[in-house]
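Let me begin by presenting the structure, written as structure tokens, before commenting on it.
Read the figures in this text as sums done on the coordinates, not as results from a lab. Note that the structure is predicted; figures quoted are calculated from it, not measured. Cβ atoms come from the backbone with ideal geometry, glycine included; neighbour counts cover every protein chain shown.
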Amino acid sequence: MSSSLKSVTGSPLAPLPYQPYIDGMRALAVLSVLIYHLHGPWLPGGFVGVDVFFVISGFVVSASIAGFKGRGLWQFLGYFYSRRITRIFPALIVCLLVTALFSALFIPAAWLSAVNQQTGFYAFFGLSNFILAQSGRDYFAPATEYNPYTHTWSLAVEEQFYLVFPLLFIAWLVGGRGRKLSAGLFAIGALASIGYAIWTLRSDPVAAFFLAPGRFWELAAGVLLYQCIGQRREQPTARHWDGLALAALLLILLAFILSRSSNFPFPGALLAVAGTLGLIICLHRRPGFMHRVLGWRGLVMVGRISYSLYLWHWPVFVLFRWTCGLETAVTRLAAVALAFLLAFASYHWVENPLRHATLLRRLPKAVTILAGLAAIGLGSWGARLLDEHTASISLSQLSRQPELWYPHGWSANPQRPGCNADPEYRNAEGGLLLIYQARGCQEPLPPASTTLYVIGDSHALAYEGLFKQYAMQTGRTVHAYNNGGCPFISLQPWRDSENPGCLQHIDAALRDLRTRIKPGDILFLPSLRMPRLADQWGVFSDEKVQEQVFSDRAIAGRQRAQADAVEVLREFAAGGVHIILEGPKPLFKAPPFRCADWFSRHNPVCAPGFSLPREELQAYRQPVLDGFAEIARQLPGVGIWDPFPLLCPGAECSAWRDGQPLFLDGDHLSGYGNQLLLPYFIHHLETQAVDEDRKLAP
């Protein structure tokens, strides 16, 4: 191979001259993505600008190395990767580090930001698409709009493509049959990629969208286009090519308007890919009117900064969403202006100086590559350091007072010096079992012959602060079976007993529970049993909430669920287990944690407020309480603990008490809320256990 390469380096293909229309196409692509990310309904298919970028990248990177002058495989790899590193990573590393800093300052830890820092860390290594694919959140889910690193998935796809590109392209440089071999390899790879995309789309659409195997065909299409037309030297031809170019451009614009989230990446991206290929074919070495259109100075300028603009616009938009919001004309204009300002700064002070640095050109390629890898490593270390010191540098109350805000509450107990009851995590047939047990206490704990068992969804886990303190005060062990999003006996069967995924976890928890629980133990069943009024990014309509509570379907579902609950709980009640159902807590239309700081209090998500009339919430609760009463009537061993009166003592229910948060978001308790309920919870359990024992006594 080395000698073959040597034989063609004397007459390599001349690199293609600069083509302004390519930058014009890049501008259209990045602006479509920017508009879509700013407000999706303005350009519903704007996200396919990324697919346009993929095709352009495949074409341009092929053209950029076709004139390689060197000898041997290793020299070619050094040439290729040194160029890619200096092109991609300087601006990327700076953007990721700045984003990490501002994330630490302004973005609190929450379910909404659960994978943010992990995504950012992997983005340094071109692997963020794997994290996003594993998260289960697709690209179009509202939650992805709160991760400032989501957009790096496309860079990861390109970087992974570049790992195999030179190995498939090198035969092209040999010439002769090598060019046919290279084109054949890319064609086979493209077909395999399409097959993978179709197959994976059925089983795991999130992975199909984010992962490189399903996107390879788009980049390969650009490479194959260059291999088909790039080496030819056509003379300018008739003007009918302008008409075809206009048709291809209209195809791209239609893709920006008509594309929807389904069937991506194949065949969903086909329209954008076809339009991009057609436009390049029509404009390649054929000057005409469309060259002047796409070569307009304003478009070319945006195209030149398109990489930096793509990097910066998304974290800017996300940080606006976390702070002052991105819903008004003023905030949108400010966000766009800031994104362009940062893009210009990045292009002129980061991208260009390093790409064209004389020193870097003189350095051996291996040194450039090693320096680039070292910069990547240092950058990731810096981002990790910022994340670890978030509590000390953050401007958010949540980071400065985590015990007050987060449900895990306080790990220590002032009445029990040295005590700690942080949970031990175990696997229960694929589900999560958390065991809270006091340890390290300097004074002996009260003897405990019984155990508290808990089954529920994230609202059960939101009692973590209470469970830890309960274990330290009573000496009892708490076993909590948890699966987020899967309540237990919610009286909404479509959420648990009719949900196959949830039913599997519930059955596993019950099987494990049967091997542990004994007469006299307590089974506590907290879960979300009313429809949410809001989530962490927006409010739901009153009509939807009322339909989920008062419709004929909801009433029939509750009746079925009541009968099912009696059958499930009967064996535990008959076995002398004390069963306690949790009465529904207050719900709210705005998440307190999103509105706790000076920089976020005026975010539109806070507008619905943090209080509701007790009467309104009681109306939503009553059907659940009626269902509980029927279950308790049929099973004498069942009791009810209702925290609602404690959390809402007046005519107006509030998410705050004496300036402290009772709730983290619209329905999950805060650490302070846990601490408030603790003495009442302990008193209720002790009282009910005694009462039930008296009833069962001969």
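If you count the DSSP beta bridges with both ends in the chain, what percent of them are antiparallel, to the nearest 5? All intermediate terms of the calculation are to be shown ahead of the outcome.
On the way: 18 of 34 bridges.
Close to 55 percent.
By the 4.7 Å beta carbon criterion, which cysteine residues of the chain come out unpaired?
95, 228, 282, 324, each lacking another Cys Cβ under 4.7 Å.
Which ³J(HN,Hα) values in Hz, rounded to whole numbers, follow from the phi angles of segment 281-297 under the Karplus curve 6.51 cos²θ - 1.76 cosθ + 1.60, where θ = phi - 60° and Gly and Pro get x?
Taking θ as phi minus 60°, the curve returns 4, 5, 9, 5, 6, 10, x, x, 4, 5, 4, 5, 5, 6, x, 4, 4 Hz for segment 281-297.
Please report the relative contact order for segment 575-614, taking Cα pairs under 8 Å with a sequence separation of at least 6, and give it as a percent rounded to a whole number. Working shown, then result.
On the way: 27 pairs, mean separation 15.3, N = 40.
38 percent.
Which of 544, 589, 468 comes first, and how do the rest follow, when ranked by fewest Cβ neighbours within 10 Å?
Working: 544 11, 589 22, 468 27.
The order, fewest Cβ neighbours first, is 544, 589, 468.
Once both labels are modelled 7 Å past Cα along the beta-carbon direction, what's the residue 164-residue 18 spacing in nm?
3.4 nm
With n ≥ 4 as the cut-off for DSSP H runs, can you work out [θ] at 222 nm for the chain, using -39500 (n - 2.57) per run divided by the number of residues, rounded to the nearest 500?
Computed ellipticity for the chain at 222 nm equals -18500 deg cm²/dmol.
Could you work out how much longer the chain between residue 371 and residue 250 gets when fully extended? Use 0.36 nm per residue separation minus the Cα distance between them, nm to one decimal.
Gain in length upon complete extension: 39.2 nm.
What's the ranking of 348-361, 183-196 by average number of surrounding C-beta atoms within 10 Å, highest first?
Ranked by mean Cβ neighbours within 10 Å, highest first: 183-196, 348-361.
What label, among [x] 28.6; [y] 26.4; [z] 27.9, belongs to Kirkwood radius over Cα pairs in Å computed from the structure on display?
[x]
Please work out how much length the chain gains when fully extended from residue 415 to residue 358, using 0.36 nm per residue of separation minus the C-alpha to C-alpha distance, in nm with one decimal.
Gain on extension, residue 415 to residue 358, equals 13.8 nm.
If you rank 32, 82 by fewest surrounding Cβ atoms within 10 Å, what's the result? Show your work: numbers first, answer last.
Working: 32 25, 82 22.
Going from sparsest to densest Cβ surroundings: 82, 32.
For helix 240-258, report the angle its Cα long axis makes with the longest principal axis of the Cα atoms of the chain; keep it between 0 and 90° and round to the nearest 10°.
On a 0 to 90 degree scale, this one is about 10.
Cross-chain or 8 or more residues apart, Cα under 22 Å: how many lysine pairs in segment 404-696 fit that? Count them up, please.
Qualifying lysine pairs in segment 404-696: 5.
In whole angstrom, how far apart do the alpha carbon centroids of segment 285-306 and segment 462-528 sit?
Comparing the Cα centres of segment 285-306 and segment 462-528, I get a distance of 62 Å.
Round to the nearest 10 and give me the degree value, 0 to 90, for the angle of helix 152-174's Cα axis relative to the longest principal axis of the chain.
30 degrees
Please list, ordered by chain and number, the residues whose modelled amide H lies under 5 Å from the amide H of residue 657; skip anything fewer than 5 residues away on the same chain.
662
Can you tell me the 0 to 90 degree angle between the C-alpha axis of helix 306-322 and the longest principal axis of the chain, rounded to 10?
20 degrees
Take the alpha-carbon centre of segment 354-432, take the same for segment 98-138, and report the distance between them in whole Å.
11 Å
Based only on other Cβ atoms within 10 Å, what is the fewest-to-most ordering of 595, 648?
Listed from fewest to most nearby Cβ atoms, that is 595, 648.
Could you pull out every residue, at least 5 positions away or on a different chain, whose amide H is within less than 5 Å of the one on residue 453? Hs are placed 1.01 Å off N in the peptide plane, and Pro or chain starts have none.
Under 5 Å from the amide H of residue 453: 479, 522, 523, 524.
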